[in-house]
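Here the structure is laid out as structure tokens; the discussion comes afterwards.
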Amino acid sequence: MHNPPETPQALHLLYEPAGFICAFRFDEGRATSLKWHEVLAGKVAAPAFSWLHVKTADVKVRHWMETSDDIPEHIAEFLLSSDTHPCLHTTANGAYGTLADLKMEIGNTGTEKGALHFFLDGNRLLTLRTQPLCSTNMLRQKVLDGALFDNPMELFAELLRCLADGFDARVASLNDKVDDIEESVLSDRRPEDRAELSAIRRQLAELRRHITPERRLLNQLNRLRPAWVPTAALEELNHALDELNELHLTLEALYERAKLLQEEIASQMSEQMNRNLMALSILTALLMPATLVSGIFGMNVAGLPGLHDEASFTMVMWVMMGLGVATVGLLKWLKIW
């Protein structure tokens, strides 16, 4: 007996768009993977909650976002926008905004920065991105490894920890490079140190522009202490913000250290230049009397002494050497050399 052919509606439900990355349902803290047709079925009933992670560039995902009754129209419009500036907006029962994150791979733009849009309420976390990002990839791996989360805010706090871990790894890599440059500067400075240190300072400045506004916005969310968020979840959020604050302090200290090293390199270069100028000045002073004598005897005028005396050349050379020795003695007496 043959099975009846699948209807177009069934195929439509089974088809998962390319923009669908992952979805999880959390029951009593434990995660279960969801298919796309289960996401289309609607909200997960409390006390369970869900996490949906998608790409904004997919047409099917955009259509679902624009037509979903569960997501207010103005929030859906914001989540699908191309705005990359960190921001945070709160509603009576939720929050949404943009976080700056590090890309997993640097594309043709040559920048490490990526944008993660999110929507958070009492029974879901929705995240959207255009390119693979470090934080959501780390969070997904933790969920797959069996991490337990009791509510969306705890999951969001873990996302912030993953965000801080990604930045922390980048800062640690830059710190190692600064250590190498510092050792080089204090021993035998390499010619490429200055250019490498300038590149590091540019990267640190870019990381500061990512982290500083996020700390301010998330601290604002923590101060509001929304009524729909459990107290324990707010404590988790506070711990995650502490990690971001510690990262900010480390980043500031490393930036100042790189700045001081750059000033030290500039000071060394200035000192080397002064030594070179001093050597040139001393050489000029030593040759100046001889140059004066040779200039005088090089004049093609009548009356120059010694023109017909064979010993004149030897006498002139002795005079030039004597003036050179006298110049050296003068420089020693003046403590210039």
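The values are calculated or read from the model by the stated rules, or taken from the named source; none is laboratory data. What you are looking at is a predicted structure, and each value in this text was computed from that prediction instead of being measured. Cβ placement follows ideal geometry from the backbone for every residue including glycine, while neighbour counts extend to all protein chains displayed. Only protein heavy atoms, including side chains, enter the accessible area calculation; ligands, DNA and RNA are left aside. Shrake-Rupley method; radii C 1.70, N 1.55, O 1.52, S 1.80 Å.
General observations
- Rh (Kirkwood; distinct C-alpha pairs) - the stretch 134-186, Å: 12.8
- Each Cα pair of the stretch 112-269 feeds into the Kirkwood radius, which the Stokes-Einstein equation turns, at 37 °C and 0.692 mPa s, into a diffusion coefficient of 188 µm²/s.
- Counting every alpha-carbon pair across the chain, the share separated by more than 26 Å comes to 64%.
- FRET efficiency, 1/(1 + (r/R0)^6) with R0 45 Å, evaluated for K60 and D242 via beta carbons: 0.70
- Amide H contacts of L102 (H built 1.01 Å from N, in plane; Pro and chain starts excluded): G114, C134, S135 sit under 5 Å, all sequence-distant by 5 or more or on other chains.
- What a 1.4 Å probe finds exposed on the chain is 57% carbon and sulfur by accessible area, rounded to a whole percent.
- Treating r as the C-beta distance of N274 and T91 and R0 as 45 Å, the FRET efficiency rounds to 0.10.
- Each principal axis of the stretch 268-322 carries a Cα extent, and these read 55, 21, 10 Å when sorted largest first.
- Basic side chains Lys and Arg get +1 at the Cβ, acidic Asp and Glu get -1 at the Cβ, and with that the dipole of the stretch 154-296 about its Cα centre reaches some 720 debye.
- Dipole check for the chain: with +1 at the C-beta of Lys and Arg, -1 at the C-beta of Asp and Glu, and the Cα centre as origin, the magnitude is about 660 Debye.
- Each of L102, A258, H85 was placed along the dipole of the chain (beta-carbon charges, centred on the mean Cα), and the one lying farthest toward the positive end is A258.
- Of all lysines in the structure, those lying under 22 Å Cα to Cα from K60, and not within fewer than 8 positions of it along the same chain, are K35, K43.
- ³J(HN,Hα), Karplus 6.51/-1.76/1.60, whole Hz, each residue of the stretch 29-38, x for Gly, Pro: x, 8, 9, 10, 5, 10, 8, 5, 5, 6
- Estimated dipole of the stretch 231-328 in Debye, rounded to 20 [Cβ of Lys and Arg +1, of Asp and Glu -1, Cα centre]: 1080
- The residues of the chain present an accessible area of 58 Å² per residue when probed at 1.4 Å with all protein chains retained.
- Base-10 log of normalised Debye intensity for the stretch 31-133 (one unit scatterer per alpha-carbon) at q = 0.11, 0.19, 0.21 Å⁻¹: -0.35, -1.01, -1.20
- Reachable lysines, given that their alpha-carbon falls under 19 Å from the alpha-carbon of K259 and they are not under 8 places away in the same chain: K177
- Applying a DSSP loop filter and a limit of 15 other Cβ atoms within 10 Å to the GluC sites (Glu not before Pro) in the stretch 157-217 leaves E192.
- Across the stretch 206-280, the convex hull enclosing all Cα atoms gives 70 Å³ per residue.
- Normalised alpha carbon radius of gyration of the stretch 189-337 [divisor 2.2 N^0.38 Å]: 2.34
- Acute angle (nearest 10 degrees) that the helix 312-333 long axis makes with the longest principal axis of the chain, alpha-carbon atoms: 50
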